[in-house]
Every structure is written in structure tokens, then in C-alpha cells.
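Take a look at the structure set out below.
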Amino acid sequence: MKISEALRKERQDRNLKQKDMIKNLAISKSHYSQIEHGKHRIYAEDLLKMLADNNIDYHHFFDEVAPSYGFRNDNSELQKEILQLMVSQNDWTKNRDALRIFGNAMKYFDKSVRRTLMQSVLRTYKRIDNFSDEEIIRVVTICVNYLFNVDDKHDFNNTEVKQIFLLLQSLEPIPAFLMYKSLGKFYSAVSKDRKEHAKEIKDSLKLAGYTEIAKRLVI
């Protein structure tokens, strides 16, 4: 299912009219109709705002369209589609919606593409303490998602992963950053094969109420 088709399906499932889907967007009904028919592309900012305004889950949406594009193939049309949504924004690494797309759709990228994009983010936010708490949380969420998607322990030796560990370690010790710092320490322990330490961190996350996150942590 293409992105255009998925938008139409989500709209119809909710018994919405086209004008309802674009109620808070600067898009005309005729233009949106052409988006649903695959004749026009949709910008990242408009897509994400539309999904949010209509309570459409990002993960579910991308999972729904993934099969028709060829999940994780080198020539994946889905990967191309998502990249076009991201880079349609000026300086995408500083654009909230483009970053959100990257964070939510990361698993659909080929490993080499994912690495390149992550390196771009890390270059932009090298001095993380110069940014607001909201921006920091946006970036460290992406960092943690990147670690979630490392499927080969050898990849923990890659430059960008080491930079992620340093970035997470450098966060201020305040409650807002506690979970991210803990996840950084968990994956650092896993990368060094310190299983007991990793298990202690996983158990502490469970006790702190992060049960669903802890379930995703593989030692």
C-alpha cells in the first residue's frame, strides 16, 4: 500500500471527509485529492501534522505501507519515499518533523543509509547542551531508537554509536533525561558484554515503570 493509498484508507476507516484530513493544513481539497490519488507528493510537515491531527499512529502508518515498497531492500521505494519526505525540508536535521520521521521510520532504512543520516544528526547536535530541553529530548530519542535498531553487536564499535554513548553520558543528571542516560548505559554494557550490569539496568527500568521499554532490551 502506497503512502497515498494508506492516507485514503485511514481517512475512510475513520469516516472522515477529505476536508477533515486537511482541517489545520494550508492544503486545498483538490490538491489533497490528488495526493490521495498519487499525483502529488506530500511534505513531511504536512504528513506528520495530518497523522497527529487525526490520531493516526506513526508506527502503524509506516508498518502499513512498508510491504508494498519492499521492506529494507537496498532499492526500497519506501526508503526513497521517506527520504524525500525528510529532505523536502530545508536543513532537515534542524526540522522537528523531519527528525520525527527519521526517528519513527528508522527501521525501514538500509543500514548504510541509517548510519549516514545518524551521522548528520550527530554533527548538527555535537554540542547538545546548547539546545533547549525539548530539542535535546527529540535528539536523544532518535539516538535511543538508533541503538534499538542495532542488530549486530559488531556495529556497537561504529563511530556514530560511540558518539551516541558519549552524547547520552553527557546529559545533565536531571529526571527528564534519566531514562535516556539509563538506556545509554544499558547499551554500553551490552557492547562490552557486561551482561550482569546490563541486566541490573534493565531491572531498574522495570522498577521505575518503563516495563514496555524494558521488554525491548535484549541482552
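The values are calculated or read from the model by the stated rules, or taken from the named source; none is laboratory data. Predicted model, so just to flag it, every value in this text is computed and none were measured. Counting neighbours? That spans all protein chains shown, and the Cβs are built from the backbone with ideal geometry, glycine included. For accessibility, only protein heavy atoms count, side chains too; no ligands or nucleic acids. Shrake-Rupley method; radii C 1.70, N 1.55, O 1.52, S 1.80 Å.
Using only the alpha carbon atoms of the chain, find the Kirkwood hydrodynamic radius as the inverse mean reciprocal pair distance, in angstroms to one decimal.
Working: mean 1/r = 0.0533 Å⁻¹.
Here the Kirkwood hydrodynamic radius works out to 18.8 Å.
Provide the per residue accessible area, probe 1.4 Å, for the chain, rounded to a whole number of square angstrom.
55
Quick check for me: using +1 on Lys/Arg Cβ and -1 on Asp/Glu Cβ, what's the dipole size of segment 1-55 about its Cα centre, in debye to the nearest 20? The partial results should precede the final answer.
Details: 12 positive and 8 negative charges, 39 e Å.
I would put it at about 180 debye.
Dimensions of segment 172-219 along principal axes (Cα, Å, largest first)?
28, 22, 14
Want the number for residue 157 to residue 212: 0.36 nm per residue separation, take away the alpha-carbon distance, what's left?
Working: separation 55, 0.36 × 55 = 19.80 nm, distance 2.68 nm.
The residue 157-residue 212 span can extend by a further 17.1 nm.
Ignoring any ligand, DNA or RNA, what whole percent of the accessible area of the chain comes from carbon and sulfur when the probe is 1.4 angstrom?
47
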